[in-house]
Amino acid sequence: MSPRYPFGFLDEYAKKEVRRSILKAVAIPGYQVPYSSREMPMGRGFGTGGLQLTLSLLGRGETLKVIDQGSDDSVNAVNLRSFIEMTCEGIDTTTRTDEADVIQSRHRIPEKPLREDQLIVLQVPYPDPLVVVEPSEDKRKILHGEGDYSRLLVKLYEDVVKFDEITISHRYPTRINGHYVIDSSPIPRWDVPKLNQSRALILFGAGREKKIYAVPPYTSAEPLAFEDVPFRVEDFTDEYGRRRACRRCGCTASFLDEFIDSNTGEKVYQCSDADWCNEYRAGRVEQLEEAEQGEPLPRMPGVTDEQGRSSVTGGTMPGVTNG
Ligand SMILES: [Zn+2]
């Protein structure tokens, strides 16, 4: 006999506290709200932050989608989904983006533009973009309060001096509503423009670091950059200047993962967002309009590391896990 859990696993007091922290995060866009992250029956680093948000927000009759790197079938997504199904009686789950009320995600925002009645919860390993330039949390809080991101900008400038461009491939620092700069979580650059003026509420949960922050709907989100070195998303053009297409659905407007075909040894490309790939293949969605993506952005060339894995594929950094 399976043990009985209260709806949403967490007790009502814990869920209420998470919801209050979410309200505060929505009221102060981009501000990292501390909360008392609970122990979950899984290791910190496997999405416990996102999970606590989802469990606190889901209600009976609602539909949930869980993705990991765009896929509904990866181990992390499957385990989180089955845990939520087990502890939230009466909810539905789906793999279709448009059917979901709540989407919990690691490393991607779906290609299909989200709606006002949807919300997305992102799993975050490191909530504070200033941690790379200031080890003391007290001092970081002062810098955030004063909106002083000069040291972060110096860090980006050093990149430009060394590599002629800003080399951050994910966790791109992004200024929300003209003040707080957030760590946008390990989404690729491709997804950063989706934070800007999003129709859906975007929530970030860092379980190990005990922080919740939010990008409310219709709020500005500007990736940090310089006037002469603008922000760029990943470039998927080939050596002949043509946009690469997904080998499965043929879409030429989605974020692509790069694989090595084990038979031919050649590099092949496929949509990272599994639902988008299925929908496009079935002819249910049109090619993404530039207008849907917001302002067209300049693209950055794909960078290949020593293992031959392209950094544009949003690969996980070694040792980086999700809170
Ligand atoms: Zn595809």
Query raised in the report: For the range 249-259, does any single residue satisfy the condition of being of a type in the set (D, E, K, R) and within 16 Å of the ligand (Cβ to nearest atom)?
Result: yes
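Looking at the range 262-282, which of its residues are of a type in the set (A, V, I, L, M, F, W, C) and within 8 Å of the ligand (Cβ to nearest atom)?
Across the range 262-282, the qualifying residues are C271, W276, C277.
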**Report entry** Which listed residue is of a type in the set (D, E, K, R), modelled with pLDDT of 95 or more and open to solvent by 50 Å² or more (accessible area, probe 1.4 Å), from D183, D191, D138
**Finding:** D138
Query raised in the report: Going through the range 100-114 one residue at a time, which ones are open to solvent by less than 10 Å² (accessible area, probe 1.4 Å) and within 20 Å of G61 (Cβ to Cβ)?
Result: A100, V102, I103, Q104
Report summary line: Across the range 50-88, the tally of residues that are part of a loop (DSSP other than H, G, I, E, B) and in contact with a helix residue (DSSP H, G or I) (Cβ under 8 Å, 6 or more places away or on another chain) stands at 5
Report task. Hey, can you tell me all the residues within the range 17-35 that are open to solvent by 20 Å² or more (accessible area, probe 1.4 Å), hydrophobic (A, V, I, L, M, F, W, C) and in a helix (DSSP H, G or I)? Result -> L23, V26, A27
Query raised in the report: For the range 229-253, what are the residues that are open to solvent by less than 40 Å² (accessible area, probe 1.4 Å) and of a type in the set (V, I, T)?
Result: V229, V233
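So that you can scan it fast, the table gives a plain yes or no per residue for (1) among the aromatic types (F, W, Y); (2) in contact (Cβ under 8 Å) with a residue 12 or more places away in the chain:
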position	(1), (2)
P186	no, yes
W190	yes, yes
Q197	no, yes
F204	yes, yes
K211	no, yes
T219	no, yes
F231	yes, yes
Y240	yes, no
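The values are calculated or read from the model by the stated rules, or taken from the named source; none is laboratory data. Because the structure is predicted, anything quoted here is derived from the model rather than measured. Cβ coordinates were reconstructed from backbone atoms using ideal geometry, including for glycine residues, and neighbour counts include every protein chain displayed. Only protein heavy atoms, including side chains, enter the accessible area calculation; ligands, DNA and RNA are left aside. Shrake-Rupley method; radii C 1.70, N 1.55, O 1.52, S 1.80 Å.
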